[in-house]
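Structure incoming, see below.
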Amino acid sequence: MVIPKKRFGQHFLKDKNIIRKIVDGAGVSKDDLVLEIGPGLGDMTSLLCERAERVIAVELDRELYSILLEKFGRGTGENNVEIVNADALRFDIGGLFERFGKKIKVVANLPYNISTPLLFKFFEDRDYISSMTLMFQKEVADRLTAVPGTKDYGVLSIYAQLYTKPSFLFKVSPHAFTPPPKVDSAVVRLDVLKEPSVKAIDEGFMLKVVKAAFGQRRKTLSNALSSGLGLPKEAVNTTLKRAMVDGSRRGETLTLGEFCNLSDVFAADTL
C-alpha cells in the first residue's frame with residue numbers, strides 16, 4: 001500500500017467517473033500528445049493511454065515512479081506511455097515539442113502545493129501547448145475564471161485571460177480522493193490563444209502594471225501604482241488622467257483592455 005506523501009501534496013484521484021470527465025473535458029483524441037503531471041498511481045494515465053497517441057507522464061516521487069514503470073513499462077514497443085522521473089517545474093516542455101513536432105495537451109490532477117508555479121510555467125511555455133485541462137483547489141479555479149469587480153479577480157486571472165480562454169468545467173468533492181483534501185477542487189480547461197487577447201505596446205510592462213495594481217489590493221490605483229512602480233504620485237495621477245482612468249478605483253475593477261490601455265499610456269510617459 002502506498003502512503004500519500006504530504007510533502008508532495010499527494011491526493012490520489014480514485015473516482016473513475018471524475019477521471020473520465022476530466023479526459024472527456026480535455027477532448028483527448030488519437031492524434032494527441034498528452035503531458036500528464038503527477039500521475040500518482042496511474043489511474044488517469046491508463047485512460048489517457050487509451051485515448052491519446054502518446055502520453056508523457058512526469059512523476060517526481062521515486063516510489064510512485066517505480067510503481068508506474070512496473071504498471072506501464074518504459075514506453076517502448078507498442079506501449080504509448082513514457083514515465084519520466086523529474087521535477088515538473090523544471091521539465092523541458094519545449095524539448096518535448098521539438099521531439100514530437102506537435103503541440104501538447106496538458107492534462108493533470110496537479111499537486112496542489114505547486115499548482116500556481118506550474119501554471120505560470122505553462123504560461124511561459126504556451127507556444128508549445130494547445131490546451132491545459134487541470135484540477136486545482138477550487139479557490140484557484142475561481143481566480144482563473146474571475147471577472148473584474150469580484151474578490152477572486154487578480155494577477156492570476158489576468159495572466160490566464162491574456163494567454164488562454166479559461167472554462168470552469170466542474171467541481172470535485174474531497175471524497176473523490178485518497179486521502180480527501182480539506183478543500184473542494186475544480187477542473188478548468190484553458191485553451192491557449194494564438195495571440196494574446198489584448199495587444200500592449202510592451203506586454204512585460206503591462207504585466208508589471210498589473211502586479212503593481214494588485215500588490216496592495218486595498219489601495220487606490222493612484223497609491224498602488226505609485227508604490228508598485230516607484231513613481232511620484234503626481235506623475236501617476238497625470239498618466240491615469242490621460243488614460244481616462246479614475247485614480248480612486250482599485251485594481252480589481254479594471255478590465256484586461258483597460259490595463260492594456262493604461263500600460264500603453266504609462267509606457268509612452270515613462271519608457
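The values are calculated or read from the model by the stated rules, or taken from the named source; none is laboratory data. Every value quoted in this text rests on a predicted model; they were computed, and no experiment measured them. Ideal geometry is used to build each Cβ from the backbone, glycine not excepted, and the neighbour counts take in all protein chains shown.
Out of the residues in the stretch 25-38 meeting the condition of being more than 19 Å from the chain's Cα centre (by Cα) and either modelled with pLDDT under 90 or closer than 23 Å to PRO166 by Cα (or both), tell me which one is surrounded by the most Cβ atoms within 10 Å (Cβ to Cβ).
Once the filter is applied, the top-ranked residue is ASP32.
Moving on. Within the stretch 91-102, is even one residue assigned by TED's automatic domain parsing to the domain that holds LEU169 and modelled with pLDDT under 90?
No, every residue in the stretch 91-102 fails to be assigned by TED's automatic domain parsing to the domain that holds LEU169 and modelled with pLDDT under 90.
Any residue at all in the stretch 204-216 that is under 20 Å from THR164 (Cα atoms) and of a type in the set (Gly, Ala, Ser)?
So far as the stretch 204-216 goes, yes, one or more of its residues are under 20 Å from THR164 (Cα atoms) and of a type in the set (Gly, Ala, Ser).
Let's see how each residue does on (1) touching a helix residue (DSSP H, G or I) at 6+ places or on another chain (Cβ under 8 Å); (2) free of Cβ contacts under 8 Å to residues at least 24 places away in the same chain; (3) farther than 21 Å from TYR112 by Cβ; (4) of a type in the set (D, E, K, R):
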position	(1), (2), (3), (4)
ILE37	yes, no, no, no
LEU41	yes, no, no, no
THR45	yes, no, no, no
CYS49	yes, no, yes, no
ARG54	yes, no, yes, yes
ALA57	yes, no, no, no
GLY73	no, yes, yes, no
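Further question on the same structure: Kindly indicate whether GLY228 is closer than 24 Å to LEU118 by Cα and part of a helix (DSSP H, G or I).
no
If you don't mind, there's one more thing I want to ask. Name the residue, out of VAL188, VAL192, VAL198, that is modelled with pLDDT of 95 or more, crowded, with 17+ Cβ neighbours inside 10 Å and either hydroxyl-bearing (Ser, Thr, Tyr) or under 19 Å from ALA267 (Cβ atoms) (or both).
VAL198 is the lone residue from the list that is modelled with pLDDT of 95 or more, crowded, with 17+ Cβ neighbours inside 10 Å and either hydroxyl-bearing (Ser, Thr, Tyr) or under 19 Å from ALA267 (Cβ atoms) (or both).
Determine whether TYR159 is surrounded by 15 or more Cβ atoms within 10 Å (Cβ to Cβ), touching a Lys or Arg at 6+ places or on another chain (Cβ under 9 Å) and in the same structural domain as ASP24 (by TED's automatic domain parsing). Step through it out loud before you land on a result.
Details: surrounded by 15 or more Cβ atoms within 10 Å (Cβ to Cβ): yes; touching a Lys or Arg at 6+ places or on another chain (Cβ under 9 Å): no; in the same structural domain as ASP24 (by TED's automatic domain parsing): yes.
No; evaluated as a whole, the condition is false for this residue.
Something else now. Of the conditions (1) assigned to a helix (DSSP H, G or I); (2) surrounded by fewer than 18 Cβ atoms within 10 Å (Cβ to Cβ); (3) over 22 Å from the mean Cα position of the chain (by Cα), ASP264 clears all except one; give me its number.
Here ASP264 meets the rest and fails (2).
Hey, another quick one. If you check every pair at least six apart or on different chains, which have Cβ atoms under 6 Å apart with a residue in the stretch 86-114 that is more than 21 Å from VAL140 (Cα to Cα) first and a residue that is small (Gly, Ala, Ser) second?
Between residues of the stretch 86-114 that are more than 21 Å from VAL140 (Cα to Cα) and residues that are small (Gly, Ala, Ser), the close pairs are LYS103/SER130.
Can you name every residue in the stretch 39-90 that is assigned to a loop (DSSP other than H, G, I, E, B) and at pLDDT below 90?
The first filter runs over the stretch 39-90 and keeps only residues assigned to a loop (DSSP other than H, G, I, E, B), leaving 39-42, 52-53, 60-61, 73-80, 86-87.
Result: GLY40, LEU41, ASP61, GLY73, ARG74, GLY75, THR76, GLY77, GLU78, ASN79.
Further question: Check off (1) touching a residue at least 60 places away in the same chain (Cβ under 8 Å); (2) in contact with a Leu (Cβ under 9 Å, 6 or more places away or on another chain); (3) farther than 24 Å from ILE19 by Cα for TYR128 and give me the number that stays unchecked.
Of (1) touching a residue at least 60 places away in the same chain (Cβ under 8 Å); (2) in contact with a Leu (Cβ under 9 Å, 6 or more places away or on another chain); (3) farther than 24 Å from ILE19 by Cα, only one is false for TYR128: (1).
Here is a further query. Could you pull out the residue among GLU234, GLU258 that is closer than 16 Å to GLY149 by Cβ, outside the structural domain of TYR159 (by TED's automatic domain parsing) and part of a helix (DSSP H, G or I)? Break it down into steps so the answer makes sense when it comes.
Values: GLU234 fails: closer than 16 Å to GLY149 by Cβ.
So the residue among GLU234, GLU258 that is closer than 16 Å to GLY149 by Cβ, outside the structural domain of TYR159 (by TED's automatic domain parsing) and part of a helix (DSSP H, G or I) is GLU258.
Quick test for you: out of ASP152, ASP142, pick the one residue that is farther than 21 Å from ALA108 by Cα, in the same structural domain as PRO111 (by TED's automatic domain parsing), acidic (Asp, Glu) and touching an Asp or Glu at 6+ places or on another chain (Cβ under 8 Å).
Within the list ASP152, ASP142, the selection yields ASP152.
With the structure loaded, tell me whether ALA141 is in contact with a Leu (Cβ under 9 Å, 6 or more places away or on another chain) and without any contact (Cβ under 8 Å) to a residue 40 or more places away in the chain or whether it fails that test.
no
Residues checked against (1) assigned to a helix (DSSP H, G or I); (2) touching a strand residue (DSSP E or B) at 6+ places or on another chain (Cβ under 6 Å); (3) not assigned by TED's automatic domain parsing to the domain that holds GLN137:
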residue	(1), (2), (3)
LYS165	no, yes, no
LYS182	no, no, no
LYS211	yes, no, yes
LYS219	no, no, yes
